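Notes follow the structure.
Just so you know, all these numbers are worked out from the coordinates, no wet-lab data involved. Owing to the predicted nature of the structure, the values given are computational and were not obtained by experimental measurement. Virtual Cβ from ideal backbone geometry, glycine too; neighbours counted across all protein chains shown.
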Amino acid sequence: MNIAKQSWLVDLVSLLFFTALTVVAIIMKEITVFFVIYIFWWDEVIKTLFDWIRYYFHPNQIKDADKYKVVLYARIFMLAIYLVFIIVCFCFMFEGINNDGFVKNIQVLFFKNTIFNISLISFVGREAFNYVIHKNPTELTPDTVLPKGALTLHISIILGMFAWFLTSNKFFQMPLGLEKYTTLFTIAPFILIKFLFDWSSLKVKDKTE
């Protein structure tokens, strides 16, 4: 199996593994909107971190190092803004302090959630593998400031606001009998969006490498 195919396969396994873990978290009721958006944020942070490592230690792999550096700075700036918004809004504001969801958010925030931590480790493993085997120069275009993963995060934040609006019972009452499926209704769209975006990236990667 060639290097490109190995990288594609690892990305696919990572996507399927994360999706399966999320389903387990939904079944165990160990997941919140903050959990999902925060793990998406970490996914992009880990990718950006390995891009920085490549920039500093393997600049020969980059076709336009100056543009690459600008893109990385822009991406870090965006991720920093996202982090403040995600923690303030989704971790604290959208959950009551005595709410069970708030406790779960705090556990996630301080890495006390096992499923969340396993997901993080799987992301690091994926990027470490791709970093080790990747030897070809990196194509870089201006639109990579907002790669599909970051776009997923951006859409998820907007969707998260909408999901809170629908499920908080402050502006909208869930129909009788559907309350027990609130978690599923809230989380499923996030996972579907990430799966579709990541799957789209995998299809492009399979054609180009």
So, by mean Cβ neighbours within 10 angstrom, what's the order for 60-69, 102-111 with the highest one leading?
102-111, 60-69
Going by average Cβ density within 10 Å per residue, which order do the peptides 9-19, 29-39 take, highest to lowest?
29-39, 9-19
Return the subset of LYS5/LYS67; LYS29/LYS69; LYS5/LYS29 for which the Cα-Cα distance in this structure is over 30 Å, preserving the input order.
LYS29/LYS69; LYS5/LYS29
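Work out, step by step, the length gained on full extension between MET93 and LYS203: first 0.36 nm times the residue separation, then minus their alpha carbon distance; give nm to one decimal.
Numbers: separation 110, 0.36 × 110 = 39.60 nm, distance 3.78 nm.
Full extension from MET93 to LYS203 adds 35.8 nm.
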Under the 7 Å Cα-to-Cβ spin-label approximation, PHE162 and ASN60 lie apart by a distance in nanometres of 4.8
In nm, the gap between the two label points placed 7 Å beyond Cα toward Cβ at LYS5 and ALA20 is 2.2
